[in-house]
1. Using a Förster distance of 35 Å, how high is the FRET efficiency between L86 and K161, based on the Cβ-Cβ distance and rounded to 0.05?
2. Using a cut-off of 9 Å between beta-carbons, work out the net charge of the residues near Y73 (Lys and Arg +1, Asp and Glu -1, Y73 not included).
3. Among the listed pairs K116/K161; K87/K165; K61/K161; K70/K161; K28/K137, which are separated by more than 24 Å between their Cα atoms?
4. Residue-wise, which Karplus ³J(HN,Hα) couplings in Hz belong to region 125-139, taking 6.51 cos²θ - 1.76 cosθ + 1.60, θ = phi - 60°, and x for glycine or proline?
5. Extension gain V172-N114, at 0.36 nm per residue separation less the Cα-Cα distance, in nm?
6. Over 15 Å, how big is the tail of the calculated P(r) for region 142-185, in percent of all Cα pairs?
7. What number does region 47-185 give for Rg over Rh if you use C-alpha atoms and the Kirkwood radius?
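Read-outs throughout are calculated quantities, based only on the coordinates presented, and are distinct from any laboratory measurement. These numbers were taken from a predicted model, which means no experiment stands behind them. Cβ sites come from the backbone with ideal geometry, for glycine too, and all protein chains shown count toward neighbours.
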Amino acid sequence: MKKYCTMYVFVMCLIAPLFGAQIQKNLKSLEADFEQIIITQDGAEASYFGTLQAKAPNKAKWIYEPPMQKEVYVNEGKISVYEPPLKQVHISELTTQSDIFEILDKATPELDSNGKPTGKYTTTIDDTLYAIVLDSKGMPLEISYEDSLQQTTRIVFSHHKINPKLVDSLFVFNPPQGVDIITPK
């Protein structure tokens, strides 16, 4: 379940700076396509594709396309990870949610030799360095980090939609009949 909590932190690393005053004061929601690239310690790569929908302050939905076929919902302090091929959903409380925005509010921009922002922001959470790359309009291009297994994860975003109308029910996972629901003890 730790990797799903890491994914939540990753989601919040993406959207928190966007919702903060430093970058976009009026951004309330976001939709984007993504490519998630995982590079193992020995250099092997795997790529996954999908869509992200996010809404301030703490709601997100990741839909991974086959062959990964996974849905990740973040809402009301919980994360639900549904894996249709396995007919399983993992549901857990997020212990990092209470202070994630405080940490991300402290993310600092990198400056070029003239003291101007480069579009890259960094922050460290639980000894993990996250790098967020923004375009000139403050939209996310990429976010990356290295996990405890020394795997590098990069998520590259495209086809942004800013402030689409996203209803809260979109972020509520309703398990289909017949799936196994796994919760931590």
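1. Efficiency, rounded to the nearest 0.05: 0.70.
2. +2
3. K116/K161; K87/K165, as the Cα separations exceed 24 Å there.
4. 10, 6, 6, 10, 8, 10, 10, 10, 10, 10, 7, 5, 9, x, 8
5. Result: 16.3 nm gained on full extension.
6. Taking all Cα-Cα pairs of region 142-185, the fraction more than 15 Å apart is 73 percent.
7. On the Cα set of region 47-185, Rg over Rh gives 0.99.
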